[in-house]
Each structure stands twice: as C-alpha cells, then as structure tokens.
Amino acid sequence: GASPAPLPPQKSIASTHSIDKDARRAAVAEVVSGLDALLEAQRAEIGAPGLAAAVLLDGEVIWRGGAGMADSEAKVPMTSAVVGRAASVTKLFTGVALLMLRDEGRLSFDAPLATYLPEIAEVLYPSEDSPRITVRHLFTHTSGLPRLGQLEYVTRAEEGPSEREILEGLRGLALESPPGLRVTYSNLGAALCGILVGRVSGMPYEDFVNARILQPLEMGSSAWSEAAYPQGQLAKGSPKPDVGLFAAHHWRFGAANAAGGLYLDVDDLARFARFQLSGWPARDDVDSGPLRRASIRESQLLAGGGFGKGGHGVFWVVSNAGSLGHVVGHTGATDKFSSSIVLAPGRGVGAVALANIGMGVTDPVVGKLTSAVSAALDAISITVPAPLVKGTERVAAVMKAPTEEMVNAHFGPAFRAMVPVSAITGLFERLAGVPGPCKIGTALEIANKSTGKFRIECKGRAFRLDLAVDAAEPH
C-alpha cells in the first residue's frame, strides 16, 4: 500500500478503497469536465500533431479523449481508438509474461540466466568475482548489459534482428558493470527476456503474450506490426523537431519485440492499466487472473522490497511521489511515437497517453492528468466516529509499548479469548521491528460507528488495520 502523510485522527483523505465510490466520482466530476481542454493544452505544449489519453479511477475509465490529428494529410482526428506504438511500455507486458511463468514454477527469477539461455555465458564479466546474471537482473536493468550492444532495430527497413543474431551478439560482449551493482537501462536485456519467454513457454514470445495477456484482457487493437491495421486506424508518426532522429520506416524489433514492438490504442492501454490496478488492495475476493493479484502487486514494488526513493520492479519504474504516495509507471519512445502509463495504486488513480510524435514526451501529460484527479479527491474526507478514533488511539498505544500489560489493558476479553496474548504482543513486536516509526494513518473504510479499516503507516511500508470496537467502551 501507499504511505501518505499522517493526518489528524478525526478526518482522513478518502482512499482508493473507500466504500463510497459514488462520492469519489462526484468529487472529480468538475476536474474531468475540464480534461479535454487540458489535453489540448498539453498537445500544444509537447508539439504533437495528435494526443490521446484516458484516466482511471477505482478500476473504471472515467474519461478518455483525443486532441489534434492522427493524420493531418488524410484529415483523421486523434481519438482513443487510434493506434500508435507502445514502444518500451511493451516491457510491462513482458514482465507479466515472466511472472506468469514464475508462478507456474517454470522459471526462477534468481536462478542464473544461463540455466535458460546458455548463450549468456559468452559475455565478459568485469571481474572473476562478479555475480552471474539472473532473470531478476534483466527486468531491474541491473544486469550490466549495455543499452543495445550489437542489437540493431532502427535502421532495418524490412526485417528486425533474429533470435540468432541477438544471441550471437552476446559473444565477447563486455558488461558495463558487475550484475546487481547499478542500473543501466538495457533494451538488449529486455529482448533477452522475450527470448527467455519463448524458450520456457515453448511458443514464440508474441504468441504467448497474445494468448495469455492480450486476449484475456480483450485488447483487440493490439498487434505486432503496422500491417495489421487498415488505413486510418494507425496514426501517422512524426519526429520531434529538435531531435531529428527519424526513419522513413517503422523500427523493426523482430526477435527483440519484448523490448518495444507492440502497437495499441489508448483504449487498450487503459484496459491494461485497469488490470494492473486490480491487484490492489490485498483482499479475499476470488483471484480470477490472468495473473495473481499478489504477483501484480509484487511487480509494482522495488525488486528488493519496499519503496525507498525509487527504482525498478518487474520492469515498472517505482517511486514515491509526494501526496500520490506509491507511484509506478513507464515511458515508451520511438522516433515517431510516444506513450506513457502511470498508476497511483494507493489512490486508485491512473492515466495513459499516446502521441504521434517521437522521443517519449508524454510523461508530463499522464502526470498532470493523475495529479489533477488526485487533488480533487483530497477534498473528500471520511468522518471517523468517536469510538473508532478512541480505538485507533488504543492500537497506537500498544504499537508504542507492545507488552502483555498493554494488550490486556486495550484489547477486549473476547478478542483475547480468540487470539493468545503472546500472539498479539508478537505481532506488535514485529511491527516495532519495521523501519519506523509506525503510526495510524488514513481511514480506508468506515462501515459503522464501531467497525472500520485503517492504514498503519511505517517508513517505506504500509499495513491494513481491521478495527472493531465496543461503541460504548472501545477495546
């Protein structure tokens, strides 16, 4: 969960999972009504011929829009159903594929990569004592592999690199640092993940993603070639004027498709965002897939655990962004297209965007959309009934001094009859061991005057407190 700033116990910002979702929708209605104008302003600011975007709240798309032209010559307007290039946002789909294979027991993230791709043994390590590359190193961009190495997909007009070419390019390739030491963003590493998915699953990477991710999520506009689209459905891409990098053809990723080869529209990207937000919070609902909720959440945390100042999850870029709390996202860029996705899982908010201009200029767009909606939610407060306020104070007291005496003083006899006092003190002692200090934070749900759910906020981590009190005398 997220770790928002502590608030006075009487009031708290309505969270993603407040029971009154209608109130949350109403609170953002005015902001949503102005998003078309915001989108046009952003299109002009980034200099894109066309820009499309969508915003999600509590698992639903609450707004989608387009500004400018998908093809000025053909007079095709930009909409959320116009296709562009996902580019490096494709890596998030690759991460889902890796998690699926891991969950099925067919892949270990911490096994040597050579277990699955013996060809990786041909790279040159900086030292004899360098750790061997693992799958985890690939999706956290800590393998030491260069950004491209011998991988070439920009200048090839007909066919992209083959699997054989990519693997042969590993022979004698020097790593830029020992694995695990620092981040070096590597499209080569992501391409190897796609080859790995093919090896382990027994089917081509694209077929696996189509069958296991795109089809279950009903992402019908997504494909791996511009040839899949009739005239007018695919936006006409354009270069960023101050960069000048431009090829007449589309970049051909070939066997490196896992690094950036997917085409889609904003509607499909929003479906993927909705799927990713569905992992939060942890709950008892039926886990219907296509990926376990726990694995979705895992992918959006730093690969080493916690949030910290930022880093990579399973290809996600993970950070903590002020009032938004825990934020994950990714950018996509080719010479002709830009795409972005950002999610604030603890707030239930997300945004996606696609532009037909190159070099990844859409991050400010999704940032402003997400911040605008989130700010509107701050106006909502949940009034916490007095018995629950007293209950949280009692829990906080036990958190501060997790002794048997404090448990007996603040927990009711019925609860102590169900859960041994030693188990209760043990739980709070473990909480005390979390880098802290920990404190009671925002209310998640208020069911009635004696039952509610709250965040317990610690440094870099958060837990859910299910609190029930005696309304007459809380324990």
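Tally up the residues in segment 329-344 that are open to solvent by less than 10 Å² (accessible area, probe 1.4 Å) and among the aliphatic types (A, V, I, L, M), please.
Adding up the residues that qualify gives 3.
Taking into account only those residues within segment 265-295 that are open to solvent by less than 40 Å² (accessible area, probe 1.4 Å) and of a type in the set (D, E, K, R), which is farthest from Pro230 (Cα to Cα)?
Among them, the one singled out is Arg293.
Ala255 passes all but one of (1) assigned to a loop (DSSP other than H, G, I, E, B); (2) of a type outside the set (S, T, N, Q); (3) open to solvent by less than 80 Å² (accessible area, probe 1.4 Å); which number fails?
Tallying (1) assigned to a loop (DSSP other than H, G, I, E, B); (2) of a type outside the set (S, T, N, Q); (3) open to solvent by less than 80 Å² (accessible area, probe 1.4 Å), Ala255 fails exactly one: (1).
Given segment 38-124, what strands (runs of 3 or more DSSP E) lie entirely inside it while holding 1 or more residues that are closer than 20 Å to Ser371 by Cβ?
The strands (runs of 3 or more DSSP E) meeting that bar are 50-57, 60-71.
Which residues, counting only those in segment 207-221, are part of a helix (DSSP H, G or I) and within 21 Å of the chain's Cα centre (by Cα)?
Start the filter on segment 207-221 by keeping residues that are part of a helix (DSSP H, G or I), which leaves 207-214.
Listed by number, the residues that qualify are Phe208, Val209, Asn210, Arg212, Ile213, Leu214.
Just checking: which of the helices (runs of 4 or more DSSP H) contained wholly in segment 360-440 hold 1 or more residues that are surrounded by 13 or more Cβ atoms within 10 Å (Cβ to Cβ) and under 33 Å from the mean Cα position of the chain (by Cα)? If you could, list the steps in order and put the result at the bottom.
Values: elements: 363-377, 386-400, 404-410, 413-418, 421-432.
Answer list for segment 360-440: 363-377, 386-400, 421-432.
Quick check on my filter: what residues within segment 129-162 are farther than 15 Å from Asn187 by Cβ and at pLDDT 95 or above?
The answer is Asp129, Ser130, Pro131, Arg132, Ile133, Thr134, Val135, Arg136, Ser162.
Could you say whether any residue in segment 241-252 is open to solvent by 20 Å² or more (accessible area, probe 1.4 Å), farther than 18 Å from Thr155 by Cα and modelled with pLDDT of 95 or more?
No, that holds for no residue.
Every residue in segment 281-303 that is of a type in the set (A, V, I, L, M, F, W, C) and in a loop (DSSP other than H, G, I, E, B), please. Don't jump to the end; show me each part of the working.
Residues of segment 281-303 of a type in the set (A, V, I, L, M, F, W, C): 282, 286, 291, 294, 296, 301-303.
Scanning segment 281-303 gives Ala282, Val286, Leu291, Leu301, Leu302, Ala303.
Looking at segment 66-87, which of its residues are β-branched (Val, Ile, Thr), open to solvent by less than 40 Å² (accessible area, probe 1.4 Å) and more than 30 Å from Leu192 (Cβ to Cβ)?
Step one: list which residues in segment 66-87 are β-branched (Val, Ile, Thr), which gives 76, 79, 82-83.
Narrowing the set further to residues that are open to solvent by less than 40 Å² (accessible area, probe 1.4 Å) leaves 76, 82-83.
Matches in segment 66-87: Val76, Val82.
Could you go through segment 184-194 and let me know if any residue there is surrounded by fewer than 20 Cβ atoms within 10 Å (Cβ to Cβ), of a type in the set (Gly, Ala, Ser) and out of contact with any strand residue (DSSP E or B) (no Cβ under 7 Å at 6 or more places or on another chain).
First, pick out the residues of segment 184-194 that are surrounded by fewer than 20 Cβ atoms within 10 Å (Cβ to Cβ): 184-185.
Checking which are of a type in the set (Gly, Ala, Ser) leaves us with none.
There is no residue in segment 184-194 that is surrounded by fewer than 20 Cβ atoms within 10 Å (Cβ to Cβ), of a type in the set (Gly, Ala, Ser) and out of contact with any strand residue (DSSP E or B) (no Cβ under 7 Å at 6 or more places or on another chain).
What is the residue count in segment 143-190 for residues that are polar (S, T, N, Q) and touching a Lys or Arg at 6+ places or on another chain (Cβ under 8 Å)? Write out each step before concluding.
Just the residues of segment 143-190 that are polar (S, T, N, Q), to begin with: 143, 150, 155, 162, 177, 184, 186-187.
With the extra rule that they be touching a Lys or Arg at 6+ places or on another chain (Cβ under 8 Å), the set shrinks to 184, 186-187.
Summing the residues that are polar (S, T, N, Q) and touching a Lys or Arg at 6+ places or on another chain (Cβ under 8 Å) in segment 143-190 gives 3.
Tell me, which helices (runs of 4 or more DSSP H) wholly within segment 133-204 include 2 or more residues that are touching a Cys at 6+ places or on another chain (Cβ under 7 Å)?
On the way: elements: 135-139, 163-168, 187-201.
Filter on segment 133-204 gives 135-139.
State all residues of segment 309-340 that are touching a strand residue (DSSP E or B) at 6+ places or on another chain (Cβ under 8 Å), β-branched (Val, Ile, Thr) and in a loop (DSSP other than H, G, I, E, B); if no residue qualifies, say none.
Once the filter is applied, which keeps residues that are touching a strand residue (DSSP E or B) at 6+ places or on another chain (Cβ under 8 Å), β-branched (Val, Ile, Thr) and in a loop (DSSP other than H, G, I, E, B), segment 309-340 yields only Thr334.
Looking only at segment 263-280, count every residue that is in contact with a Gly (Cβ under 9 Å, 6 or more places away or on another chain) and part of a loop (DSSP other than H, G, I, E, B) and tell me the total.
Summing the residues that are in contact with a Gly (Cβ under 9 Å, 6 or more places away or on another chain) and part of a loop (DSSP other than H, G, I, E, B) in segment 263-280 gives 2.
Would you be able to say whether some residue in segment 442-450 is assigned to a loop (DSSP other than H, G, I, E, B), open to solvent by 70 Å² or more (accessible area, probe 1.4 Å), out of contact with any Cys (no Cβ under 7 Å at 6 or more places or on another chain) and modelled with pLDDT under 80? Outline the logic, then answer.
Going through segment 442-450, the residues assigned to a loop (DSSP other than H, G, I, E, B) turn out to be 449-450.
Next, from what is left, pick out any that are open to solvent by 70 Å² or more (accessible area, probe 1.4 Å): 449.
Applying the additional criterion that residues be out of contact with any Cys (no Cβ under 7 Å at 6 or more places or on another chain) yields 449.
Add one more test, that the residue is modelled with pLDDT under 80, and what stays is none.
For segment 442-450, residues assigned to a loop (DSSP other than H, G, I, E, B), open to solvent by 70 Å² or more (accessible area, probe 1.4 Å), out of contact with any Cys (no Cβ under 7 Å at 6 or more places or on another chain) and modelled with pLDDT under 80: absent.
May I ask you to say which residue of Thr90, Thr115 is among the polar types (S, T, N, Q), buried (at least 22 other Cβ atoms within 10 Å of the Cβ) and within 26 Å of Phe139 (Cβ to Cβ)? Give the derivation first.
Values: Thr115 fails: buried (at least 22 other Cβ atoms within 10 Å of the Cβ).
Result of the check over Thr90, Thr115: Thr90.
In the set Arg156, Arg147, which member is closer than 19 Å to Leu181 by Cα, basic (Lys, Arg) and open to solvent by 10 Å² or more (accessible area, probe 1.4 Å)? Explain how you work it out, then say what you get.
On the way: Arg156 fails: closer than 19 Å to Leu181 by Cα.
Exactly one residue qualifies, and that residue is Arg147.
Which residues, taken from segment 197-235, are in contact with a strand residue (DSSP E or B) (Cβ under 8 Å, 6 or more places away or on another chain), free of Cβ contacts under 8 Å to residues at least 40 places away in the same chain and open to solvent by less than 50 Å² (accessible area, probe 1.4 Å)?
Quick first cut of segment 197-235, residues in contact with a strand residue (DSSP E or B) (Cβ under 8 Å, 6 or more places away or on another chain) only: 219, 221-226, 228-229, 232-235.
Pick out the ones that are also free of Cβ contacts under 8 Å to residues at least 40 places away in the same chain and you get 224-226, 228.
Scanning segment 197-235 gives Trp224, Ser225, Glu226.
Please indicate, with yes or no, whether at least one residue in segment 107-118 is farther than 30 Å from Ala211 by Cα and touching a helix residue (DSSP H, G or I) at 6+ places or on another chain (Cβ under 6 Å). Working first, answer last.
From segment 107-118, those farther than 30 Å from Ala211 by Cα are none; that's our starting set.
No - not one qualifying residue is present in segment 107-118.
The values are calculated or read from the model by the stated rules, or taken from the named source; none is laboratory data. Bear in mind that the values here come from a model prediction, so they are computed numbers and not experimental data. In this analysis, Cβ positions are derived from the backbone assuming ideal geometry, glycine residues included, and neighbour counts consider all displayed protein chains. Note: accessible area is taken over every heavy atom of the protein model, side chains too, but ligands, DNA and RNA are not part of it. Shrake-Rupley method; radii C 1.70, N 1.55, O 1.52, S 1.80 Å.
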